[in-house]
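Undergrad: Encoded as C-alpha coordinates, here's the structure I'll be asking about.
The values are calculated or read from the model by the stated rules, or taken from the named source; none is laboratory data. This one's a predicted model, so the numbers in the text were calculated from it and none came from an experiment. A quick note on method: Cβ atoms are made from the backbone with ideal geometry, for glycine too, and the neighbour counts reach across all protein chains shown.
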Number of protein chains: 2
Amino acid sequence: MSVITVERKILEKNDEVASQNRRTFSERGIFTVNMVSSPGAGKTSILEHTIERLRGKVNLAVIEGDVQTDLDAQRVAKYGVPAVQIVTRGGCHLEAGLVREALDNIDLSTVRLLIIENVGNLVCPANYDLGEAAKVVVASTTEGDDKPLKYPAMFRNASVLIINKIDLLPYINADLAALRKNALSINPSLRVFQTSCTTGDGIDEWCSWLVQSASGAHS
Amino acid sequence: MSVITVERKILEKNDEVASQNRRTFSERGIFTVNMVSSPGAGKTSILEHTIERLRGKVNLAVIEGDVQTDLDAQRVAKYGVPAVQIVTRGGCHLEAGLVREALDNIDLSTVRLLIIENVGNLVCPANYDLGEAAKVVVASTTEGDDKPLKYPAMFRNASVLIINKIDLLPYINADLAALRKNALSINPSLRVFQTSCTTGDGIDEWCSWLVQSASGAHS
(Lines give C-alpha, C1' and ligand atoms only; values in the text may rest on other atoms or scores of the structure.)
Protein backbone atom coordinates (compact mmCIF):
# COMPACT_ATOMS: atom_id res chain seq x y z
CA MET A 1 0.00 0.00 0.00
CA SER A 2 1.50 3.29 -1.04
CA VAL A 3 0.14 6.61 0.09
CA ILE A 4 1.53 8.32 -2.98
CA THR A 5 -0.40 5.90 -5.21
CA VAL A 6 -3.59 6.64 -3.32
CA GLU A 7 -3.03 10.37 -3.69
CA ARG A 8 -2.36 9.97 -7.42
CA LYS A 9 -5.58 7.98 -7.81
CA ILE A 10 -7.56 10.65 -5.96
CA LEU A 11 -6.08 13.34 -8.20
CA GLU A 12 -6.72 11.30 -11.37
CA LYS A 13 -10.34 10.73 -10.37
CA ASN A 14 -10.65 14.43 -9.55
CA ASP A 15 -9.21 15.45 -12.92
CA GLU A 16 -11.72 13.18 -14.67
CA VAL A 17 -14.69 14.82 -12.97
CA ALA A 18 -13.11 18.25 -13.49
CA SER A 19 -13.03 17.52 -17.24
CA GLN A 20 -16.73 16.65 -17.12
CA ASN A 21 -17.42 19.92 -15.31
CA ARG A 22 -15.36 21.81 -17.90
CA ARG A 23 -17.37 20.23 -20.73
CA THR A 24 -20.62 21.20 -19.00
CA PHE A 25 -19.46 24.81 -18.62
CA SER A 26 -18.22 24.94 -22.20
CA GLU A 27 -21.42 23.47 -23.70
CA ARG A 28 -23.54 25.94 -21.77
CA GLY A 29 -21.28 28.93 -22.39
CA ILE A 30 -20.59 29.47 -18.70
CA PHE A 31 -17.35 31.20 -17.64
CA THR A 32 -16.21 29.71 -14.34
CA VAL A 33 -13.62 31.05 -11.94
CA ASN A 34 -12.17 29.28 -8.89
CA MET A 35 -11.24 31.83 -6.22
CA VAL A 36 -8.50 30.70 -3.85
CA SER A 37 -6.59 32.41 -1.03
CA SER A 38 -5.49 32.26 2.58
CA PRO A 39 -8.31 32.54 5.12
CA GLY A 40 -9.43 36.14 5.41
CA ALA A 41 -7.75 37.53 2.30
CA GLY A 42 -11.10 38.96 1.23
CA LYS A 43 -12.57 36.50 -1.30
CA THR A 44 -16.11 36.91 0.00
CA SER A 45 -15.86 40.70 0.22
CA ILE A 46 -14.59 40.89 -3.37
CA LEU A 47 -17.44 38.58 -4.34
CA GLU A 48 -20.00 40.86 -2.69
CA HIS A 49 -18.65 43.91 -4.53
CA THR A 50 -18.57 41.91 -7.76
CA ILE A 51 -22.20 40.84 -7.43
CA GLU A 52 -23.27 44.40 -6.66
CA ARG A 53 -21.56 45.63 -9.82
CA LEU A 54 -22.65 42.80 -12.14
CA ARG A 55 -26.27 42.33 -11.02
CA GLY A 56 -28.48 42.91 -14.04
CA LYS A 57 -25.51 42.85 -16.40
CA VAL A 58 -24.40 39.20 -16.21
CA ASN A 59 -26.39 36.25 -14.92
CA LEU A 60 -24.17 34.78 -12.26
CA ALA A 61 -24.27 32.02 -9.70
CA VAL A 62 -22.02 31.26 -6.75
CA ILE A 63 -20.71 28.08 -5.12
CA GLU A 64 -19.27 28.64 -1.65
CA GLY A 65 -16.77 26.23 -0.11
CA ASP A 66 -16.06 26.28 3.60
CA VAL A 67 -14.67 23.91 6.20
CA GLN A 68 -17.58 24.76 8.45
CA THR A 69 -20.65 27.09 8.54
CA ASP A 70 -22.72 28.57 5.71
CA LEU A 71 -21.87 32.16 6.72
CA ASP A 72 -20.48 32.98 3.28
CA ALA A 73 -23.48 31.63 1.33
CA GLN A 74 -25.69 33.72 3.64
CA ARG A 75 -23.65 36.84 2.82
CA VAL A 76 -23.94 36.14 -0.91
CA ALA A 77 -27.60 35.08 -0.89
CA LYS A 78 -28.54 38.55 0.43
CA TYR A 79 -27.81 39.87 -3.05
CA GLY A 80 -30.43 37.60 -4.58
CA VAL A 81 -28.11 35.49 -6.70
CA PRO A 82 -28.24 31.67 -6.71
CA ALA A 83 -25.75 30.45 -4.10
CA VAL A 84 -24.95 26.92 -2.98
CA GLN A 85 -22.83 26.24 0.09
CA ILE A 86 -20.51 23.23 0.22
CA VAL A 87 -19.39 22.45 3.77
CA THR A 88 -16.35 20.18 3.66
CA ARG A 89 -16.53 19.30 7.41
CA GLY A 90 -12.79 19.49 7.95
CA GLY A 91 -11.77 18.97 4.32
CA CYS A 92 -9.05 21.38 3.29
CA HIS A 93 -10.09 21.99 -0.35
CA LEU A 94 -12.97 21.65 -2.79
CA GLU A 95 -12.96 18.72 -5.20
CA ALA A 96 -14.50 18.51 -8.67
CA GLY A 97 -17.08 15.96 -7.47
CA LEU A 98 -18.38 18.33 -4.78
CA VAL A 99 -18.76 21.07 -7.40
CA ARG A 100 -20.58 18.64 -9.71
CA GLU A 101 -23.06 17.83 -6.91
CA ALA A 102 -23.55 21.52 -6.20
CA LEU A 103 -24.34 22.14 -9.88
CA ASP A 104 -27.42 19.92 -9.49
CA ASN A 105 -28.82 22.60 -7.20
CA ILE A 106 -28.40 25.49 -9.63
CA ASP A 107 -30.54 26.21 -12.67
CA LEU A 108 -27.71 26.58 -15.16
CA SER A 109 -29.87 27.47 -18.15
CA THR A 110 -29.42 31.23 -17.79
CA VAL A 111 -26.10 31.33 -15.94
CA ARG A 112 -23.19 32.97 -17.81
CA LEU A 113 -20.74 33.39 -14.95
CA LEU A 114 -20.09 30.91 -12.15
CA ILE A 115 -17.89 31.98 -9.26
CA ILE A 116 -16.60 29.24 -6.99
CA GLU A 117 -15.15 30.40 -3.69
CA ASN A 118 -12.78 27.72 -2.45
CA VAL A 119 -11.84 26.89 1.14
CA GLY A 120 -9.39 29.44 2.60
CA ASN A 121 -6.11 27.59 2.15
CA LEU A 122 -3.08 28.63 0.13
CA VAL A 123 -1.70 25.09 -0.17
CA CYS A 124 -4.10 22.21 -0.87
CA PRO A 125 -6.62 23.73 -3.35
CA ALA A 126 -3.71 24.35 -5.76
CA ASN A 127 -3.71 20.69 -6.78
CA TYR A 128 -7.45 20.24 -7.35
CA ASP A 129 -8.83 21.26 -10.72
CA LEU A 130 -12.57 21.96 -10.43
CA GLY A 131 -13.15 22.43 -14.18
CA GLU A 132 -12.77 26.22 -13.97
CA ALA A 133 -11.60 28.42 -16.85
CA ALA A 134 -9.36 30.37 -14.49
CA LYS A 135 -8.00 30.08 -10.98
CA VAL A 136 -8.01 33.48 -9.29
CA VAL A 137 -5.67 33.78 -6.32
CA VAL A 138 -6.39 36.60 -3.87
CA ALA A 139 -3.40 37.80 -1.83
CA SER A 140 -3.96 40.37 0.89
CA THR A 141 -1.27 43.02 1.35
CA THR A 142 -1.43 42.29 5.11
CA GLU A 143 -0.07 38.79 4.51
CA GLY A 144 3.27 40.26 3.49
CA ASP A 145 5.07 40.37 0.16
CA ASP A 146 6.85 36.99 0.39
CA LYS A 147 3.85 34.67 0.05
CA PRO A 148 4.23 33.88 -3.68
CA LEU A 149 7.73 32.55 -2.95
CA LYS A 150 6.57 30.53 0.05
CA TYR A 151 3.42 29.08 -1.57
CA PRO A 152 4.50 28.90 -5.22
CA ALA A 153 2.13 26.18 -6.50
CA MET A 154 -0.95 28.32 -6.03
CA PHE A 155 0.55 31.29 -7.85
CA ARG A 156 1.94 29.03 -10.60
CA ASN A 157 -1.48 27.44 -11.23
CA ALA A 158 -3.46 30.68 -11.17
CA SER A 159 -4.28 32.84 -14.20
CA VAL A 160 -5.25 35.91 -12.20
CA LEU A 161 -3.84 37.52 -9.05
CA ILE A 162 -5.94 39.97 -7.07
CA ILE A 163 -3.83 41.93 -4.60
CA ASN A 164 -6.46 42.97 -2.06
CA LYS A 165 -6.55 45.42 0.88
CA ILE A 166 -4.31 47.95 -0.87
CA ASP A 167 -5.90 50.64 1.34
CA LEU A 168 -3.92 49.20 4.28
CA LEU A 169 -0.51 49.67 2.60
CA PRO A 170 0.26 52.91 4.52
CA TYR A 171 -0.06 51.07 7.84
CA ILE A 172 1.97 47.92 7.15
CA ASN A 173 5.50 47.13 6.04
CA ALA A 174 4.63 44.97 3.02
CA ASP A 175 5.99 46.28 -0.28
CA LEU A 176 3.45 46.22 -3.14
CA ALA A 177 6.15 46.28 -5.83
CA ALA A 178 7.94 43.35 -4.17
CA LEU A 179 4.68 41.40 -3.92
CA ARG A 180 4.00 41.92 -7.65
CA LYS A 181 7.59 41.06 -8.53
CA ASN A 182 7.60 37.91 -6.41
CA ALA A 183 4.30 36.74 -7.91
CA LEU A 184 5.43 37.41 -11.49
CA SER A 185 8.75 35.65 -10.84
CA ILE A 186 6.73 32.50 -10.08
CA ASN A 187 4.23 33.03 -12.92
CA PRO A 188 5.06 35.74 -15.49
CA SER A 189 1.68 35.36 -17.24
CA LEU A 190 -0.42 36.31 -14.20
CA ARG A 191 -2.97 39.04 -14.87
CA VAL A 192 -2.80 41.29 -11.80
CA PHE A 193 -5.54 43.45 -10.28
CA GLN A 194 -5.07 45.64 -7.20
CA THR A 195 -8.21 46.10 -5.13
CA SER A 196 -9.63 47.49 -1.93
CA CYS A 197 -13.08 46.51 -0.73
CA THR A 198 -13.03 49.51 1.63
CA THR A 199 -12.43 52.18 -1.02
CA GLY A 200 -13.68 50.18 -4.04
CA ASP A 201 -10.38 50.70 -5.89
CA GLY A 202 -9.72 48.24 -8.67
CA ILE A 203 -13.07 46.44 -8.43
CA ASP A 204 -14.29 47.92 -11.72
CA GLU A 205 -11.22 46.65 -13.59
CA TRP A 206 -11.67 43.17 -12.14
CA CYS A 207 -15.38 43.19 -13.00
CA SER A 208 -14.68 44.37 -16.57
CA TRP A 209 -12.33 41.45 -17.02
CA LEU A 210 -15.00 39.07 -15.71
CA VAL A 211 -17.69 40.49 -18.02
CA GLN A 212 -15.40 40.36 -21.02
CA SER A 213 -14.37 36.77 -20.22
CA ALA A 214 -17.97 35.71 -19.65
CA SER A 215 -19.09 37.17 -22.97
CA GLY A 216 -16.18 35.38 -24.66
CA ALA A 217 -17.27 32.07 -23.16
CA HIS A 218 -20.78 32.56 -24.48
CA SER A 219 -19.95 33.62 -28.03
CA MET B 1 -8.17 -0.02 -0.54
CA SER B 2 -9.74 2.72 1.48
CA VAL B 3 -8.44 6.24 1.56
CA ILE B 4 -9.87 6.79 5.03
CA THR B 5 -7.91 3.78 6.30
CA VAL B 6 -4.72 5.15 4.80
CA GLU B 7 -5.32 8.52 6.45
CA ARG B 8 -6.01 6.86 9.79
CA LYS B 9 -2.78 4.88 9.50
CA ILE B 10 -0.84 8.05 8.70
CA LEU B 11 -2.34 9.78 11.73
CA GLU B 12 -1.69 6.78 14.00
CA LYS B 13 1.93 6.62 12.88
CA ASN B 14 2.21 10.39 13.39
CA ASP B 15 0.75 10.16 16.91
CA GLU B 16 3.27 7.44 17.78
CA VAL B 17 6.24 9.59 16.75
CA ALA B 18 4.63 12.62 18.43
CA SER B 19 4.56 10.65 21.69
CA GLN B 20 8.27 9.89 21.29
CA ASN B 21 8.93 13.60 20.71
CA ARG B 22 6.87 14.46 23.79
CA ARG B 23 8.89 12.03 25.90
CA THR B 24 12.14 13.54 24.62
CA PHE B 25 10.94 17.05 25.51
CA SER B 26 9.72 15.95 28.93
CA GLU B 27 12.91 14.08 29.83
CA ARG B 28 15.02 17.07 28.87
CA GLY B 29 12.75 19.66 30.48
CA ILE B 30 12.04 21.42 27.18
CA PHE B 31 8.80 23.37 26.80
CA THR B 32 7.66 23.10 23.17
CA VAL B 33 5.05 25.18 21.37
CA ASN B 34 3.64 24.56 17.89
CA MET B 35 2.69 27.87 16.27
CA VAL B 36 -0.05 27.62 13.65
CA SER B 37 -1.97 30.18 11.59
CA SER B 38 -3.08 31.28 8.15
CA PRO B 39 -0.27 32.42 5.87
CA GLY B 40 0.85 35.91 6.84
CA ALA B 41 -0.84 36.14 10.24
CA GLY B 42 2.49 37.12 11.75
CA LYS B 43 4.00 33.97 13.27
CA THR B 44 7.54 34.81 12.19
CA SER B 45 7.26 38.45 13.29
CA ILE B 46 5.99 37.38 16.71
CA LEU B 47 8.85 34.90 16.86
CA GLU B 48 11.41 37.62 16.07
CA HIS B 49 10.03 39.85 18.85
CA THR B 50 9.96 36.86 21.20
CA ILE B 51 13.60 35.97 20.52
CA GLU B 52 14.65 39.59 21.03
CA ARG B 53 12.94 39.67 24.41
CA LEU B 54 14.06 36.21 25.61
CA ARG B 55 17.67 36.17 24.42
CA GLY B 56 19.89 35.69 27.46
CA LYS B 57 16.91 34.79 29.64
CA VAL B 58 15.82 31.44 28.21
CA ASN B 59 17.83 29.11 25.97
CA LEU B 60 15.59 28.63 22.98
CA ALA B 61 15.72 26.91 19.63
CA VAL B 62 13.46 27.21 16.59
CA ILE B 63 12.18 24.78 13.97
CA GLU B 64 10.73 26.50 10.90
CA GLY B 65 8.25 24.76 8.62
CA ASP B 66 7.54 26.07 5.13
CA VAL B 67 6.16 24.74 1.88
CA GLN B 68 9.07 26.32 0.07
CA THR B 69 12.12 28.57 0.79
CA ASP B 70 14.19 28.99 3.95
CA LEU B 71 13.33 32.69 4.24
CA ASP B 72 11.94 32.26 7.76
CA ALA B 73 14.93 30.35 9.11
CA GLN B 74 17.14 33.12 7.67
CA ARG B 75 15.08 35.74 9.52
CA VAL B 76 15.37 33.82 12.78
CA ALA B 77 19.04 32.84 12.40
CA LYS B 78 19.97 36.55 12.36
CA TYR B 79 19.23 36.61 16.08
CA GLY B 80 21.86 33.95 16.75
CA VAL B 81 19.54 31.23 18.01
CA PRO B 82 19.69 27.65 16.71
CA ALA B 83 17.19 27.39 13.83
CA VAL B 84 16.42 24.46 11.56
CA GLN B 85 14.30 24.86 8.43
CA ILE B 86 12.00 22.06 7.28
CA VAL B 87 10.88 22.55 3.66
CA THR B 88 7.84 20.36 2.97
CA ARG B 89 8.05 20.83 -0.84
CA GLY B 90 4.32 21.18 -1.28
CA GLY B 91 3.29 19.43 1.94
CA CYS B 92 0.53 21.34 3.74
CA HIS B 93 1.58 20.65 7.36
CA LEU B 94 4.46 19.50 9.55
CA GLU B 95 4.48 15.93 10.80
CA ALA B 96 6.02 14.53 13.98
CA GLY B 97 8.63 12.57 11.98
CA LEU B 98 9.90 15.72 10.28
CA VAL B 99 10.27 17.41 13.68
CA ARG B 100 12.11 14.34 15.01
CA GLU B 101 14.59 14.55 12.12
CA ALA B 102 15.04 18.28 12.71
CA LEU B 103 15.84 17.59 16.40
CA ASP B 104 18.93 15.66 15.28
CA ASN B 105 20.31 18.97 14.03
CA ILE B 106 19.88 20.84 17.32
CA ASP B 107 22.02 20.49 20.43
CA LEU B 108 19.18 19.96 22.89
CA SER B 109 21.35 19.78 26.01
CA THR B 110 20.87 23.42 26.96
CA VAL B 111 17.54 24.15 25.25
CA ARG B 112 14.65 25.02 27.57
CA LEU B 113 12.16 26.37 25.03
CA LEU B 114 11.55 25.01 21.54
CA ILE B 115 9.33 27.01 19.20
CA ILE B 116 8.06 25.20 16.11
CA GLU B 117 6.59 27.43 13.41
CA ASN B 118 4.25 25.32 11.32
CA VAL B 119 3.30 25.76 7.65
CA GLY B 120 0.83 28.65 7.17
CA ASN B 121 -2.44 26.74 6.93
CA LEU B 122 -5.47 27.02 9.19
CA VAL B 123 -6.83 23.58 8.26
CA CYS B 124 -4.41 20.65 7.92
CA PRO B 125 -1.91 21.23 10.78
CA ALA B 126 -4.81 20.96 13.25
CA ASN B 127 -4.77 17.17 12.95
CA TYR B 128 -1.04 16.57 13.33
CA ASP B 129 0.34 16.39 16.85
CA LEU B 130 4.07 17.16 16.84
CA GLY B 131 4.64 16.32 20.50
CA GLU B 132 4.24 19.94 21.61
CA ALA B 133 3.07 21.01 25.07
CA ALA B 134 0.80 23.64 23.53
CA LYS B 135 -0.54 24.56 20.13
CA VAL B 136 -0.56 28.35 19.73
CA VAL B 137 -2.90 29.65 17.03
CA VAL B 138 -2.20 33.14 15.70
CA ALA B 139 -5.18 34.96 14.20
CA SER B 140 -4.65 38.30 12.53
CA THR B 141 -7.35 40.94 12.99
CA THR B 142 -7.19 41.55 9.23
CA GLU B 143 -8.52 38.05 8.57
CA GLY B 144 -11.87 39.06 10.04
CA ASP B 145 -13.67 38.01 13.20
CA ASP B 146 -15.42 34.90 11.81
CA LYS B 147 -12.40 32.62 11.33
CA PRO B 148 -12.78 30.59 14.58
CA LEU B 149 -16.28 29.58 13.42
CA LYS B 150 -15.12 28.71 9.91
CA TYR B 151 -11.96 26.82 10.94
CA PRO B 152 -13.03 25.39 14.31
CA ALA B 153 -10.66 22.40 14.56
CA MET B 154 -7.59 24.59 14.85
CA PHE B 155 -9.11 26.74 17.60
CA ARG B 156 -10.46 23.68 19.40
CA ASN B 157 -7.04 21.97 19.46
CA ALA B 158 -5.09 25.05 20.52
CA SER B 159 -4.27 26.04 24.10
CA VAL B 160 -3.34 29.62 23.28
CA LEU B 161 -4.75 32.21 20.89
CA ILE B 162 -2.66 35.21 19.87
CA ILE B 163 -4.77 37.89 18.22
CA ASN B 164 -2.16 39.75 16.20
CA LYS B 165 -2.08 43.06 14.28
CA ILE B 166 -4.32 44.82 16.79
CA ASP B 167 -2.75 48.11 15.63
CA LEU B 168 -4.73 47.76 12.38
CA LEU B 169 -8.14 47.63 14.11
CA PRO B 170 -8.93 51.31 13.43
CA TYR B 171 -8.60 50.72 9.68
CA ILE B 172 -10.61 47.52 9.24
CA ASN B 173 -14.13 46.38 10.00
CA ALA B 174 -13.23 43.32 12.10
CA ASP B 175 -14.60 43.40 15.64
CA LEU B 176 -12.09 42.38 18.31
CA ALA B 177 -14.78 41.48 20.85
CA ALA B 178 -16.56 39.30 18.28
CA LEU B 179 -13.30 37.56 17.38
CA ARG B 180 -12.62 36.77 21.06
CA LYS B 181 -16.21 35.65 21.59
CA ASN B 182 -16.18 33.41 18.51
CA ALA B 183 -12.88 31.82 19.53
CA LEU B 184 -14.02 31.22 23.11
CA SER B 185 -17.32 29.77 21.89
CA ILE B 186 -15.28 27.08 20.09
CA ASN B 187 -12.80 26.62 22.94
CA PRO B 188 -13.63 28.28 26.28
CA SER B 189 -10.25 27.35 27.81
CA LEU B 190 -8.15 29.29 25.29
CA ARG B 191 -5.63 31.65 26.86
CA VAL B 192 -5.81 34.81 24.77
CA PHE B 193 -3.07 37.37 24.08
CA GLN B 194 -3.55 40.49 21.94
CA THR B 195 -0.42 41.64 20.15
CA SER B 196 1.00 44.04 17.63
CA CYS B 197 4.45 43.55 16.17
CA THR B 198 4.37 47.18 14.99
CA THR B 199 3.76 48.77 18.41
CA GLY B 200 5.03 45.87 20.54
CA ASP B 201 1.75 45.72 22.45
CA GLY B 202 1.09 42.44 24.21
CA ILE B 203 4.44 40.85 23.36
CA ASP B 204 5.66 41.10 26.97
CA GLU B 205 2.59 39.27 28.29
CA TRP B 206 3.05 36.49 25.74
CA CYS B 207 6.76 36.23 26.56
CA SER B 208 6.05 36.12 30.30
CA TRP B 209 3.73 33.21 29.72
CA LEU B 210 6.41 31.42 27.68
CA VAL B 211 9.10 31.98 30.33
CA GLN B 212 6.80 30.82 33.11
CA SER B 213 5.78 27.72 31.13
CA ALA B 214 9.39 26.92 30.23
CA SER B 215 10.51 27.17 33.84
CA GLY B 216 7.61 24.89 34.82
CA ALA B 217 8.73 22.29 32.26
CA HIS B 218 12.24 22.33 33.69
CA SER B 219 11.45 22.12 37.37
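Undergrad: Among residues belonging to region B:85-106 that are within 15 Å of the chain's Cα centre (by Cα) and β-branched (V, I, T), point out the one that is surrounded by the fewest Cβ atoms within 10 Å (Cβ to Cβ).
TA: B:I86
Undergrad: So, of the residues in region B:38-66 that are within 14 Å of chain A (Cβ to nearest Cβ) and at positive phi, which turns out to be surrounded by the fewest Cβ atoms within 10 Å (Cβ to Cβ)?
TA: Among them, the one singled out is B:G42.
Undergrad: For region B:18-37, indicate whether the set of residues that are under 25 Å from B:V123 (Cα atoms), surrounded by fewer than 18 Cβ atoms within 10 Å (Cβ to Cβ) and of a type in the set (D, E) is non-empty.
TA: No, region B:18-37 has no match at all.
Undergrad: Still on this structure, I have one more. Kindly indicate the residue of region A:71-81 that is of a type outside the set (A, V, I, L, M, F, W, C) and more than 17 Å from the chain's Cα centre (by Cα) and also nearest to the other protein chains (Cβ to nearest Cβ) among those meeting that condition.
TA: Here is the first cut: in region A:71-81, the residues of a type outside the set (A, V, I, L, M, F, W, C) are A:72, A:74-75, A:78-80.
Restricting the remaining residues to those that are more than 17 Å from the chain's Cα centre (by Cα) gives A:74, A:78-80.
On the way: A:Q74: 11, A:K78: 15, A:Y79: 18, A:G80: 22 Å.
My answer is A:Q74.
Undergrad: Same structure, new question: Identify the single condition in (1) polar (S, T, N, Q); (2) buried (at least 20 other Cβ atoms within 10 Å of the Cβ); (3) more than 25 Å from B:K13 (Cβ to Cβ) that B:T69 does not satisfy, given that it satisfies every other one.
TA: That leaves (2) as the condition not met.
Undergrad: Looking at (1) assigned to a helix (DSSP H, G or I); (2) touching a residue at least 24 places away in the same chain (Cβ under 8 Å); (3) within 14 Å of chain B (Cβ to nearest Cβ); (4) in contact with an Asp or Glu (Cβ under 6 Å, 6 or more places away or on another chain), which is the only condition A:A18 fails?
TA: With (1) assigned to a helix (DSSP H, G or I); (2) touching a residue at least 24 places away in the same chain (Cβ under 8 Å); (3) within 14 Å of chain B (Cβ to nearest Cβ); (4) in contact with an Asp or Glu (Cβ under 6 Å, 6 or more places away or on another chain) applied to A:A18, the lone miss is (3).
Undergrad: Given the structure, is B:V138 in contact with a strand residue (DSSP E or B) (Cβ under 6 Å, 6 or more places away or on another chain), assigned to a strand (DSSP E or B) and within 14 Å of another protein chain (Cβ to nearest Cβ)?
TA: Against the criterion (in contact with a strand residue (DSSP E or B) (Cβ under 6 Å, 6 or more places away or on another chain), assigned to a strand (DSSP E or B) and within 14 Å of another protein chain (Cβ to nearest Cβ)), B:V138 qualifies.
Undergrad: Something else about it: Only one of (1) hydroxyl-bearing (S, T, Y); (2) in a helix (DSSP H, G or I); (3) free of Cβ contacts under 8 Å to residues at least 24 places away in the same chain is not met by A:T69, so which one is it?
TA: (2)
Residue-by-condition table, conditions (1) more than 30 Å from B:D15 (Cβ to Cβ); (2) of a type in the set (A, V, I, L, M):
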| site | (1), (2) |
| --- | --- |
| B:L149 | no, yes |
| B:L184 | no, yes |
| B:S196 | yes, no |
| B:I203 | yes, yes |
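Undergrad: Does A:G91 satisfy being assigned to a loop (DSSP other than H, G, I, E, B), within 14 Å of another protein chain (Cβ to nearest Cβ), closer than 24 Å to B:D145 by Cβ and not aromatic (F, W, Y)?
TA: yes
Undergrad: Test A:P125 against the criterion of being surrounded by 23 or more Cβ atoms within 10 Å (Cβ to Cβ), in a helix (DSSP H, G or I) and in contact with a His (Cβ under 9 Å, 6 or more places away or on another chain), and give yes or no. Give the steps one after another, and end with the answer.
TA: Details: surrounded by 23 or more Cβ atoms within 10 Å (Cβ to Cβ): yes; in a helix (DSSP H, G or I): yes; in contact with a His (Cβ under 9 Å, 6 or more places away or on another chain): yes.
Yes; evaluated as a whole, the condition is true for this residue.
Undergrad: Sort out for me the helices (runs of 4 or more DSSP H) sitting completely within region A:145-219 that have 3 or more residues that are in contact with an Asp or Glu (Cβ under 6 Å, 6 or more places away or on another chain), surrounded by fewer than 17 Cβ atoms within 10 Å (Cβ to Cβ) and at pLDDT below 95.
TA: none
Undergrad: Which one of these is among the hydrophobic types (A, V, I, L, M, F, W, C) and in contact (Cβ under 8 Å) with a residue 12 or more places away in the chain: A:V6, A:V76?
TA: Every option except A:V76 fails the conditions.
Undergrad: Taking the residues in region B:146-186 that are charged (D, E, K, R), under 19 Å from the mean Cα position of the chain (by Cα) and farther than 12 Å from A:Q68 by Cβ as candidates, determine which candidate is nearest to the other protein chains (Cβ to nearest Cβ).
TA: Only one residue fits best here, namely B:K165.
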